[in-house]
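Have a look at the structure below, then the notes.
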Amino acid sequence: MRCDECGDILGGALLETLGRIVSLPDASGDHACECGHPEMRRLPDGVYRCPACGSEVTPITAPVSWKSPEHTEAYWSGWLDGSYGDPNKFTHHRRLAKWDGAADRLDYYRGHRAGYEARLKKVTLVEAS
């Protein structure tokens with residue numbers, strides 16, 4: 001078999017790779033699951049659920065029980081970045097840019113610091129055990 005474009009012979013590894021690509025499922029959605037399923041379904045509450053393996057992804061804006069009402073949304077956004085984000089790039093977090101007001105940015109900073117401290121406690125506990 002020859003390539004229509006350049007005339008080279010198609011064979012071996014190239015045909016094997018093309019065969020694998022053709023056998024992949026169509027990615028019909030924007031949210032593929034880690035298990036390989038091409039699309040997670042969005043439920044009415046905003047959670048994405050994989051029909052194949054049952055895993056769920058909750059968006060950051062979804063109401064959750066661990067967020068106490070005494071802190072603002074900006075605080076919890078910062079807390080998540082401090083706990084799970086890259087601690088060396090504080091000023092480059094996308095969620096920080098979302099907050100325009102000085103009070104919101106201060107709450108984000110306070111949350112980031114609290115989240116980072118929680119991360120350090122978790123690491124210390126793991127190292128001790």
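The values are calculated or read from the model by the stated rules, or taken from the named source; none is laboratory data. Bear in mind that the values here come from a model prediction, so they are computed numbers and not experimental data. Cβ: placed from backbone, ideal geometry, glycine included. Neighbour counts: every protein chain shown.
The table below gives the values:
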item: Qualifying residue in the range 51-68 (condition: crowded, with 17+ Cβ neighbours inside 10 Å and at pLDDT 75 or above); result: no
item: Conditions (1) surrounded by fewer than 12 Cβ atoms within 10 Å (Cβ to Cβ); (2) at pLDDT 85 or above: number failed by D104; result: (1)
